[in-house]
Amino acid sequence: MIYFDNSATTKPLDACVETYTKVATNYFGNPSSLHGYGAKVSELHEQARILVAGMLGVLPEEIIFTSGGTESNNMALKGVADFYRGRGKHIITTTIEHPSIQNTMQHLETQGFEITRLPVNATGIISVEDLKTALREDTILVSVMHVNNEVGSLQPIQAIADLLKTREQTFFHVDNVQGLTKVALDVAGVDLVSISGHKIHGLNGTGVLIKKKRVSLLPLLDGGGQEFGLRNGTENTAGVVAFAKALRIGLENQEAHVVDLEAIRNYLLDSLAEIPEVSIHTDKKQAAPHICCFSVVGHRGEVLVHALEEYEVYVSTTSACSSRAKLASSTLKAMRVTDEEAVGAVRVSLSYQNTMAEAERFIVAIQTIIKNLNEVVK
């Protein structure tokens, strides 16, 4: 099997599964319990928080453990909007955000907030000048993803942070679900950062929201006051400890193997570009090293996905959170890709477990599939 759908989810590392099993078996008590056993579990939970904070370059009290990227995004957006609505009701985002951002923004519009959605250029990148023009006195939040989940485009996060650093009334949120362990992110100028465990070979149901001390949030759920009162509910200590391990290993892989990962991605893009029917949507000079998006003109993306399954190659059309709708990718449409190409989009997404040999097999498979499909059409 060749698994090229890592932006949807990654295979949990054996080390993470073993860690989860060990903690869940031996430290299953409730961290909020008063007895000594609960205190041991709480200590383990807080040790994981300290480790994660150190690896991400923030304070332990700025780490909120969540169930993943969607919850982190909702917590950041709704939490800021509800807490600071008296200060202003204007929020800025982009036209190519993940559905958990887009749909949350739509919800906030029903609550009286005004949302400005910045356009992107043909490579999927916003203009900082457009952002500067869109800023208003009542802008309370700017939310921009670091790495686009469909085409891999990299947004100018540092330039945005520099623009916003003098605006005490405007907070900056970054969805870093796709970038973590692939592209370095300086969080010094960012107020809120969403990340997910199952995108870095951790377990489903784990994630983090970095919330800087200067930001206040209203919680999504009321409860027992866990996670500094911001993420109420019994803590997933086994998942948290496994997440810390996945993050450590992922960052080690980034340091040692990101060049190899980029080489595989570049080989795929260069080889696909040589196929006449293929249109490339990922600009390798301005994208993360693990995502490759393309269309085969005249053929729908889901047809290609299922054809590749026959070769035991697994890819996706666009975002796993929206691909079942079988609609043209909103990201590609925002990049002004034609509808015909957008409905034919296929995403290949890599991890550090993939190899160049797998990429070579993929290219042979896609060439054969295109040849066969063209013959059927004729």
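Were the residues from Q47 through D82 laid out at 0.36 nm apart, the gain over their Cα-Cα distance would be 9.5 nm. Placing +1 on each Lys and Arg Cβ and -1 on each Asp and Glu Cβ, with no other charges, gives the range 142-230 a dipole about its Cα centre of roughly 160 debye. For K89, a cut-off of 26 angstrom between C-alpha atoms picks up these lysines, skipping any fewer than 8 places away in its own chain: K78, K132, K165, K211, K212, K213.
Shape call for the range 17-138 from the C-alpha gyration tensor, a ≥ b ≥ c root eigenvalues: rounded (a/c under 1.5), prolate (a/b greater than b/c) or oblate? Judged from the Cα gyration tensor, the range 17-138 comes out prolate (a/c at least 1.5, a/b above b/c).
Computed extension gain for V376 through Y267, at 0.36 nm per residue and net of the alpha carbon distance, reaches 36.4 nm. Length gained on full extension, D14 to Y314, computed as 0.36 nm times the residue gap minus the Cα-Cα distance: 105.9 nm. For the chain, the dipole from Cβ point charges (+1 on Lys and Arg, -1 on Asp and Glu) about the Cα centre works out to 640 debye, to the nearest 20. Once you sort the root eigenvalues of the Cα gyration tensor of the chain as a ≥ b ≥ c, which label holds: rounded (a/c under 1.5), prolate (a/b larger than b/c) or oblate (the other case)? Oblate.
For the chain, adding -39500 (n - 2.57) for each run of n ≥ 4 DSSP H residues and dividing by the number of residues yields -13000 deg cm²/dmol at 222 nm. Between the beta carbons of T368 and L34, assuming R0 = 51 Å, the FRET efficiency works out to 0.20 to the nearest 0.05. Assuming R0 = 30 Å, what is the FRET efficiency of M1 and E340, from their Cβ-Cβ distance, to the nearest 0.05? Efficiency, from the Cβ-Cβ distance: 0.45. Straight-line cross-link partners of K285 among the lysines, defined as a Cα under 20 Å from its Cα and at least 8 positions apart when in the same chain: K182. Taking Cα centre as origin and charging only the Cβ of basic (Lys, Arg, +1) and acidic (Asp, Glu, -1) residues, the dipole magnitude of the range 47-152 rounds to 120 debye. Each label point was placed 7 Å from the Cα along the Cα-to-Cβ direction; for E109 and Q286 their separation is 2.6 nm. Computed with a 1.4 Å probe over protein heavy atoms only, the accessible area of D162 comes to about 80 Å².
The values are calculated or read from the model by the stated rules, or taken from the named source; none is laboratory data. If you're wondering where the values come from, they're calculated on a predicted model, not measured in any experiment. As a convention, Cβ positions derive from the backbone with ideal geometry for all residues, glycine included, and neighbour counts pool all protein chains shown. To get the accessible areas, we keep the full protein, side chains included, count just its heavy atoms, and leave off ligands, DNA and RNA. Shrake-Rupley method; radii C 1.70, N 1.55, O 1.52, S 1.80 Å.
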